[in-house]
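To start, the structure under review is shown below, and the notes come after it.
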Amino acid sequence: MRANPRRDESAARRLSRWMRAGAPVVICAGALWILLHALPASGMALHAAPPLPAFPNGIAAGDVTTTTAVLWARTTVTGDLTFAVTGLPTRTARVVDVTRPVTVVVTGLDPGIAVGYTVTTALGDTLHGRVRTPAADGFHGLRFGVSGDWRGELAPYPALGNVTARDLDFFVALGDTVYADVPSPAVDKPQAETVAEFRAKHAEVYGTHLDMNTWAEIRADTAIFAMVDDHEVMNDFAGGAPAAADPRFPETDGLVNETVLYARGMQAFTAYNPLAATVYAATDDARTAGRPKL
């Protein structure tokens, strides 16, 4: 009686052959350990993880005036990041920490126009965007969008999928741009605490989910005006209240907006949005004097 070579070969070898042939294979969790240890070292090729995208959160422009705009980008490529605006000299920003976005302020724009720009990494990866400046006369009609309150685990926000088709002049990110006090896949704990955790929250909402990145499309096409509410730090905090009055902040002196947790949350918010660096002038009110205009 002739031997059946397929019947004689081990289950591990059959699995290896099927997988090399591209056949679908379903493995129950209980058998996975046995199969992985039964396969010969040369039976399965281990593939390296795909490289990180050069622009995981896209590019953006914001805080536009009739002649200026803040251009923003986050890249996983260290080195010089080049911003080129049509008709203007190029600008560069140095990327050292890939979790920290960079911005440049562009001046010399013309009022009431849409202008294109490109952002290029040190390795040559490029994204294209555009930004529209407001008219100088102050009475031209315009169209804008508004949204707020988005959480990381709810991405990719398909309700915003038609924004770029509306050809908006600008878009207002109306606060609660992250929920730092709600667990999500990026930071699976009740409250973000470190700068890295706050940054991860922002990278999550502006990242790709289900092969979609709705926010990256919007921010590359439409000028953004971003503001905070409360979840950028935690729910229902009062920045001008004494820190000692809120047990969620460990400090007993000063105001809530002088605490470490507040500073970390605001550092991440300002880093992940195209914001102009402006502060309130000196006043007699410690709650606003010299504080960032958010």
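Any read-out appearing in this document is the output of simple, stated calculations on the displayed coordinates, not a laboratory observation. Since we're looking at a predicted model, the values are computed, not measured. When we count neighbours, we look across all protein chains shown, and the Cβ atoms used for this are built from the backbone with ideal geometry, even at glycine.
Shown is the FRET efficiency for Ala282 and Val105, computed with R0 = 25 Å from the Cβ-Cβ distance and rounded to the nearest 0.05: 0.60.
Full extension of the chain between Ala135 and Ala122 gives 1.2 nm of extra length, using 0.36 nm per residue less the Cα-Cα distance. Just name one of Ala263, Ala289, Ala220: the one whose Cα is farthest towards the positive end of the charge dipole of region 217-294 (beta-carbon charges, Lys/Arg +1, Asp/Glu -1). Going by the Cα projections, it comes out as Ala220. As a rough guide to protection, the peptides 274-283, 128-137 ranked by mean Cβ packing within 10 Å, highest first, stand as 128-137, 274-283. As a test, work out the antiparallel percent of DSSP beta bridges whose residues both lie in region 142-240, rounded to the nearest 5. Taking every DSSP beta bridge within region 142-240, about 10 percent pair in antiparallel fashion. Distance from the Cα centroid of region 207-226 to that of region 134-196 is 9 Å (rounded to whole angstrom). Computing FRET efficiency as 1/(1 + (r/R0)^6) for Val146 and Ile113, where r is the C-beta to C-beta distance and R0 is 30 Å, gives about 0.80.
Note on region 59-271: Kirkwood hydrodynamic radius from all Cα pairs is 18.3 Å, rounded to one decimal. Anisotropy class assigned to region 217-294 is oblate, per the alpha carbon gyration tensor with a/c at or over the 1.5 cut-off and a/b no larger than b/c. Modelled label positions at Asn235 and Ala289, each set 7 Å beyond Cα in the direction of Cβ, lie 3.5 nm from each other.
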